[in-house]
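Participant: Shown below is the structure under consideration.
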Amino acid sequence: MPLMMSEEGFENEESDYHTLPRARIMQRKRGLEWFVCDGWKFLCTSCCGWLINICRRKKELKARTVWLGCPEKCEEKHPRNSIKNQKYNVFTFIPGVLYEQFKFFLNLYFLVISCSQFVPALKIGYLYTYWAPLGFVLAVTMTREAIDEFRRFQRDKEVNSQLYSKLTVRGKVPVKSSDIQVGDLIIVEKNQRIPSDMVFLRTSEKAGSCFIRTDQLDGETDWKLKVAVSCTQRLPALGDLFSISAYVYAQKPQMDIHSFEGTFTREDTDPPIHESLSIENTLWASTIVASGTVIGVVIYTGKETRSVMNTSDPKNKVGLLDLELNRLTKALFLALVALSIVMVTLQGYVGPWYRNLFRFLLLFSYIIPISLRVNLDMGKAVYGWMMMKDENIPGTVVRTSTIPEELGRLVYLLTDKTGASPLLFFLLLYCQNCISVLKQLEFLLKMSPNYFTITVKGLSYSGILRIRMKV
């Protein structure tokens, strides 16, 4: 599961199932073939990324000094503590959706065909016969994307609106998660989500420590032990945190969730008290308090938290079915071009043969049916709706409606020992080529021979592979 429960965490640029290095693919395509297939997409993406990097300068991350309960003493301006998993905004929605649609050859082909009807010499029918199907496809796609985007907005709003107790000189004050600032003293109750990266100051547990669940951060189901700063844990009362002059020196924000370097300093004593901080004294965002009540000082918020820095930017998911349809369209287009050339050749290249060639391309354009794309998009929407309404799997939420059909392609499932039993059972529901599956498992065993041994029961098309892990 991706960090921050982000529905866009598996997303790769084209598919979650293609793991071949892109460099090898690009080496095989050169010249005109490379430009026609993928070159124009690569050039457009590179130019857009270059312009974005010029317009948006990346802020340099620095180490910071955080005073307890004094956000106004922060030397620099820090990002808001809000979660945003949306792909688009009001201005980028239409251009973004259109780009994601027309980067596929199928939609680009129908766009060129429809635009050609504005040329009088190439017009062979009514405009609505070409633009109406294309407009319907784009309308269905935009509606689906708008619904998904609105659901992401609702989930983000729910998380950002969660209330926490903020400790001030006047006592406890309720504060929204999105309004939390660096330097605030936040109280987090048991089974409550930690809203931002904090240094652990106090706890209601007498031992001065607590347990947290980090399954939403690193996938580990076992609880982690965290230790409060001894100087603040020994204070008699909670309000004494404002009677001392203390600050935390924290390293600059980074992605590593397993390390932290910092120092806690109390200045109102003689001599000043210095206490080094490590990963055991931190409470990262998106973790859950499993025992007691904790009080921490916020050191990182928003985009500077460990969980957000480890979360990839939301991208569109593309299923294997869409990629296969795109390749099939290219093959049909080549057949269409060959057929048009044959027809022009039979005419003997009389007159403006290049115009006749294009007119034949338009006449034979129905070889590539646009209804296939319409049925595919509507089928995905209905499939996702049926999954959420299925009584056998209550509580199912389809976060992305573009790849629900990929569940039907699962053949076997791989998992590690985290939270699992030593015996892992792999049920092959359907295997078209059992030999190829065995070769893949054999390759897996070669990669880690010290961890797996395999016993195959039968060689039928449906079987059970029992894998024992050497613990």
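Participant: Given the criterion in contact (Cβ under 8 Å) with a residue 12 or more places away in the chain, surrounded by fewer than 22 Cβ atoms within 10 Å (Cβ to Cβ) and out of contact with any Pro (no Cβ under 9 Å at 6 or more places or on another chain), identify the matching residue among Ser307, Ser259. Can you show your working first?
Facilitator: Numbers: Ser307 fails: surrounded by fewer than 22 Cβ atoms within 10 Å (Cβ to Cβ).
Ser259 is the lone residue from the list that is in contact (Cβ under 8 Å) with a residue 12 or more places away in the chain, surrounded by fewer than 22 Cβ atoms within 10 Å (Cβ to Cβ) and out of contact with any Pro (no Cβ under 9 Å at 6 or more places or on another chain).
Participant: Within the range 64-82, count every residue that is touching a residue at least 40 places away in the same chain (Cβ under 8 Å), open to solvent by 50 Å² or more (accessible area, probe 1.4 Å) and either assigned to a loop (DSSP other than H, G, I, E, B) or closer than 9 Å to Val182 by Cβ (or both).
Facilitator: 1
Residues checked against (1) open to solvent by 30 Å² or more (accessible area, probe 1.4 Å); (2) part of a strand (DSSP E or B); (3) under 30 Å from Trp223 (Cα atoms); (4) of a type in the set (A, V, I, L, M, F, W, C):
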{"position": "Gly292", "(1), (2), (3), (4)": "no, no, yes, no"}
{"position": "Gly296", "(1), (2), (3), (4)": "no, yes, yes, no"}
{"position": "Lys315", "(1), (2), (3), (4)": "yes, no, no, no"}
{"position": "Leu323", "(1), (2), (3), (4)": "no, no, no, yes"}
{"position": "Arg327", "(1), (2), (3), (4)": "yes, no, no, no"}
{"position": "Ala338", "(1), (2), (3), (4)": "yes, no, no, yes"}
{"position": "Arg359", "(1), (2), (3), (4)": "yes, no, no, no"}
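Participant: Tell me, please, whether a residue that is in contact with a strand residue (DSSP E or B) (Cβ under 7 Å, 6 or more places away or on another chain) and at pLDDT below 50 can be found in the range 409-423. I'd like the intermediate steps shown before the answer.
Facilitator: From the range 409-423, those in contact with a strand residue (DSSP E or B) (Cβ under 7 Å, 6 or more places away or on another chain) are 411-413, 415, 417, 422-423; that's our starting set.
Pick out the ones that are also at pLDDT below 50 and you get 422-423.
Yes; the residues of the range 409-423 include at least one that is in contact with a strand residue (DSSP E or B) (Cβ under 7 Å, 6 or more places away or on another chain) and at pLDDT below 50.
Participant: Moving on to the next point. What are the residues in the range 183-211 that are surrounded by fewer than 21 Cβ atoms within 10 Å (Cβ to Cβ) and within 30 Å of the chain's Cα centre (by Cα), if any?
Facilitator: Narrowing the range 183-211 to residues surrounded by fewer than 21 Cβ atoms within 10 Å (Cβ to Cβ): 187, 189-193, 204-209, 211.
Residues satisfying the conditions are Ile187, Glu189, Lys190, Asn191, Gln192, Arg193, Phe211.
Participant: If a residue has to be open to solvent by less than 50 Å² (accessible area, probe 1.4 Å) and modelled with pLDDT under 90 to count, how many in the range 219-229 make the cut?
Facilitator: Within the range 219-229, residues that are open to solvent by less than 50 Å² (accessible area, probe 1.4 Å) and modelled with pLDDT under 90 number 1.
Participant: OK, next. Going through Lys172, Lys226 one at a time, which residue ends up being outside the structural domain of Thr301 (by the TED database) and among the basic types (Lys, Arg)? Give the derivation first.
Facilitator: Details: Lys226 fails: outside the structural domain of Thr301 (by the TED database).
Only one candidate passes the filter, namely Lys172.
Participant: Still on this structure: Report, ordered by the first and then the second residue, all pairs with beta carbons closer than 6 Å, sequence separation of six or more or different chains, a first member in the range 83-106 that is closer than 17 Å to Val318 by Cα, and a second member that is outside any helix (DSSP H, G or I).
Facilitator: Lys87/Pro314; Gly96/Tyr88; Glu100/Asn316
Participant: Of the residues that make up the range 230-242, is at least one open to solvent by less than 50 Å² (accessible area, probe 1.4 Å) and within 33 Å of the chain's Cα centre (by Cα)?
Facilitator: Looking for residues that are open to solvent by less than 50 Å² (accessible area, probe 1.4 Å) and within 33 Å of the chain's Cα centre (by Cα), one finds none in the range 230-242, hence no.
Participant: From the set of residues in the range 169-195 that are touching a Leu at 6+ places or on another chain (Cβ under 9 Å) and touching a residue at least 24 places away in the same chain (Cβ under 8 Å), which is farthest from Ala246 (Cα to Cα)?
Facilitator: If we take residues in the range 169-195 being touching a Leu at 6+ places or on another chain (Cβ under 9 Å) and touching a residue at least 24 places away in the same chain (Cβ under 8 Å), then Ser177 is farthest from Ala246 (Cα to Cα).
Participant: Ok, one more. Can you list the strands (runs of 3 or more DSSP E) found entirely within the range 153-205 that contain at least 3 residues being among the charged types (D, E, K, R) and modelled with pLDDT of 90 or more? I'd like the intermediate steps shown before the answer.
Facilitator: Details: elements: 163-168, 171-176, 185-188, 197-203.
The strands (runs of 3 or more DSSP E) meeting that bar number zero.
Participant: For the range 280-288, indicate whether the set of residues that are in the same structural domain as Asn191 (by the TED database), crowded, with 16+ Cβ neighbours inside 10 Å, of a type in the set (Val, Ile, Thr) and modelled with pLDDT under 90 is non-empty.
Facilitator: So the first thing to find is which residues in the range 280-288 are in the same structural domain as Asn191 (by the TED database), and the list is 280-288.
Adding the requirement that they be crowded, with 16+ Cβ neighbours inside 10 Å leaves 281-288.
If we keep only those that are of a type in the set (Val, Ile, Thr) too, we end up with 282, 287-288.
Going one step further and asking which of them are modelled with pLDDT under 90, we end up with none.
No: zero hits.
Participant: Does Val229 count as closer than 24 Å to Ala285 by Cα and either in contact with a helix residue (DSSP H, G or I) (Cβ under 9 Å, 6 or more places away or on another chain) or aromatic (Phe, Trp, Tyr) (or both)?
Facilitator: The answer is yes for Val229.
Participant: Restrict the check to the range 89-111 and report whether at least one residue is among the small types (Gly, Ala, Ser), under 27 Å from the mean Cα position of the chain (by Cα), at pLDDT 85 or above and buried (at least 17 other Cβ atoms within 10 Å of the Cβ). Before you say what the answer is, go through the steps one by one.
Facilitator: In the first step, residues of the range 89-111 are kept if they are among the small types (Gly, Ala, Ser); the result is 96.
Then keep just the ones that are under 27 Å from the mean Cα position of the chain (by Cα); that gives 96.
Of the ones still in play, those that are also at pLDDT 85 or above are 96.
Still in the running and buried (at least 17 other Cβ atoms within 10 Å of the Cβ): none.
No, that holds for no residue.
Participant: Still on this structure: Exactly one of (1) part of a helix (DSSP H, G or I); (2) in contact with a helix residue (DSSP H, G or I) (Cβ under 8 Å, 6 or more places away or on another chain); (3) within 19 Å of Gln101 (Cα to Cα) is unmet by Asn375. Its number?
Facilitator: Only one criterion in (1) part of a helix (DSSP H, G or I); (2) in contact with a helix residue (DSSP H, G or I) (Cβ under 8 Å, 6 or more places away or on another chain); (3) within 19 Å of Gln101 (Cα to Cα) is unmet by Asn375, namely (2).
Participant: OK, next. Residues that are free of Cβ contacts under 8 Å to residues at least 24 places away in the same chain and part of a loop (DSSP other than H, G, I, E, B): does the range 275-289 have at least one?
Facilitator: Narrowing the range 275-289 to residues free of Cβ contacts under 8 Å to residues at least 24 places away in the same chain: 276, 278-279.
Filter once more, keeping what is part of a loop (DSSP other than H, G, I, E, B): 278.
Yes, the range 275-289 contains a residue that is free of Cβ contacts under 8 Å to residues at least 24 places away in the same chain and part of a loop (DSSP other than H, G, I, E, B).
The values are calculated or read from the model by the stated rules, or taken from the named source; none is laboratory data. All figures in this text were calculated on a predicted structure; none of them were measured in a lab. Ideal geometry is used to build each Cβ from the backbone, glycine not excepted, and the neighbour counts take in all protein chains shown. For the accessible areas, the whole protein counts, side chains as well, though only heavy atoms, and no ligand, DNA or RNA atoms are used. Shrake-Rupley method; radii C 1.70, N 1.55, O 1.52, S 1.80 Å.
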